[in-house]
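So the structure is just underneath, and the comments pick up after that.
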Amino acid sequence: MEKKDLHILTALFTLILIALFPLSADAYSVKTVDNVVYRMSEEGGEKKAIVCDFVDDEETTELNILSEVDGYKVTSVEPEPRVHYLTAVTEVTVGENIECLYDCAFIGFESLKKVNLPSTLTYIGERVFSSCPNLEKINLDYVTYIGTGAFSGCTSLKSVAFSENLEIIGSSSFANSGLETVTIPSKAYLKETEPAAIVGDQFRNCKNLKKVIFEDRAINTGFYYIEEYAFYGCDSLETVILPGNVSKLAIHDSAFENCKNLKAFDFSGITSISDNAFRGCAKITKADFSENLEVIGCYAFAETGLKTVTIPSKTELKCRIGGENEHWDDTGAFKDFYAQFRNCKKLKTVVFEDREKSKFTIPHYTFEGCTSLKKVYLPENAKITVGPRAFKNCKALSKIYSSENITSVDEAAFAYCSSLKEITFGKNLKSVGSNAFIGCKKLARVNLKSTKTTPTFGKKAFSGTADGIKFVADKKIAKKVKTNLKNTKTKNAKVYSVSYSKV
């Protein structure tokens, strides 16, 4: 576009604004200074001005917003909510007196590298610097409010220093930015009405983010949480330092999912861990859970590098904290998915502490695919249900302690546990589901200690176990055990009768 044409457009634009806001005792006047359009008015005898628009220009490299125009004090920047074609601007300086940058003020300034803000500026609205991919430097020393998406997509922005008085960091405010280190001040929260939410999805998909520090919280709500997707996809994140004065903290859905380089995390004050919270965090090798941990959600630690897991006595394994365990597959059919530790390839030992409740379920897929898992210590004081596929493909599993407390083994619960040689069930075993031990090729002995109840066996419950597998049952139920085995296609199974009641 020719310079002459731009000047003509500028003049026309100014005339239009004057027409829209005609001069009168309490009307507006409009003035354009160096591509910045100011709207001036008097209120209660006080002269004030705002920036109401910019004039598109493909040559201007610096944009200076004045603190005063013709005796009118400029207090805010609130241009038309549109993409401005000031494509060459690399630096913006905002004058003193200005307190607010309103929504979309500088959105799409694609060449912008540096922003100078005054000490009077406290408010940055929604998407103000969104999609400014070259923005490298901005001073936020006095800012107390940062709106939704304010710096989203600022991929060259590597660091920011927040004010100690920062109160609100809006949703997605720094999502997909280039930040490398973040320190979240003590007063900063996700929502004005939710002081318990110390962080939401503000830093989602910050691919270069390596370290996050939470300062001790200024307001004691007694309970805090990290919102869903807070650091989802932060591939480089290595270190998270939680506030030292928080004793109860909940981690919501996918908060750290796919943080592939996260090496350690302090779980001592965590009271609930929701679905997918740490899924794919391959470098987390240790998790010392608090005795007050209430919930571990679906896939919470799936595909992590955990080597040993101890499940506290209060902890429930379930999905969707505060909701139903409902998931739906691609066909629209209802399915339950739990899979808290699914495919943890380095996991070797699992310990369940004695339970507070008398009944306990190890749900669907909990340890499926944990190919290095060798030992499982079940609670000694509870009746246990082993859910469908709970230990499927745990190829190294050779010892299950306190298996006498198992009351039912669901479908494919121990399928293809090819190192398991022997298992003992106690007096309360009621059923062994279809394919429960299919493919356990070394399983050569099953001890059935019940003297009253004969367990039922589902189709192919012991198919593919050792040839001539022995079932050692109390003499009171031995005959029925033999009958129940007929439809399981167990190769050359043999039933031995003993008197467990005298053992």
Of the residues in region 250-272 that are aliphatic (A, V, I, L, M) and without any contact (Cβ under 8 Å) to a residue 40 or more places away in the chain, the one that is nearest to Ala282 (Cα to Cα) is Leu262
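Residues are listed down the side, and each one gets a yes or a no for (1) modelled with pLDDT under 95; (2) in a loop (DSSP other than H, G, I, E, B); (3) in contact with an Asp or Glu (Cβ under 8 Å, 6 or more places away or on another chain):
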site: Ser268; (1), (2), (3): yes, yes, yes
site: Ala282; (1), (2), (3): no, yes, yes
site: Leu306; (1), (2), (3): no, yes, no
site: Glu324; (1), (2), (3): yes, yes, no
site: Gly332; (1), (2), (3): yes, yes, no
site: Gln340; (1), (2), (3): no, yes, no
site: Lys357; (1), (2), (3): yes, yes, no
site: His364; (1), (2), (3): yes, yes, yes
Yes/no for Ala287 being touching a strand residue (DSSP E or B) at 6+ places or on another chain (Cβ under 8 Å), part of a loop (DSSP other than H, G, I, E, B) and small (Gly, Ala, Ser) = yes
Test result for Ala302, free of Cβ contacts under 8 Å to residues at least 60 places away in the same chain, under 29 Å from Thr371 (Cβ atoms) and assigned to a loop (DSSP other than H, G, I, E, B) = yes
Of all the strands (runs of 3 or more DSSP E) wholly in region 45-104, which have at least 2 residues that are over 42 Å from the mean Cα position of the chain (by Cα) and surrounded by fewer than 21 Cβ atoms within 10 Å (Cβ to Cβ)?
-> 46-54, 72-77
Ser402: under 33 Å from the mean Cα position of the chain (by Cα) and surrounded by fewer than 21 Cβ atoms within 10 Å (Cβ to Cβ), yes or no?
-> no
Only one residue in Asn484, Asn492 is surrounded by fewer than 18 Cβ atoms within 10 Å (Cβ to Cβ), modelled with pLDDT under 95 and among the polar types (S, T, N, Q), so which one is that?
-> Asn492
In the set Thr456, Thr483, Thr465, which member is free of Cβ contacts under 8 Å to residues at least 60 places away in the same chain, of a type in the set (Ser, Thr, Tyr) and in contact with a strand residue (DSSP E or B) (Cβ under 8 Å, 6 or more places away or on another chain)?
-> Thr456
Unique match (being of a type in the set (Gly, Ala, Ser), buried (at least 17 other Cβ atoms within 10 Å of the Cβ) and either within 35 Å of the chain's Cα centre (by Cα) or closer than 24 Å to Lys307 by Cβ (or both)) among Gly464, Gly439, Gly387 | Gly387
Give me the pairs: first residue in region 424-448 and under 14 Å from Lys383 (Cα atoms), second residue part of a loop (DSSP other than H, G, I, E, B) and of a type in the set (D, E, K, R), beta-carbon distance under 8 Å, and six or more apart or on different chains, which are they?
-> Phe425/Lys449; Gly426/Lys449; Lys427/Lys449; Lys427/Lys452
Give the residue that is farthest from Phe174 (Cα to Cα), with candidates limited to residues of region 230-244 that are among the small types (Gly, Ala, Ser) and surrounded by fewer than 21 Cβ atoms within 10 Å (Cβ to Cβ).
-> Gly244
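The values are calculated or read from the model by the stated rules, or taken from the named source; none is laboratory data. On a predicted model such as this, the values are computed, not experimentally measured, just so you know. When we count neighbours, we look across all protein chains shown, and the Cβ atoms used for this are built from the backbone with ideal geometry, even at glycine.
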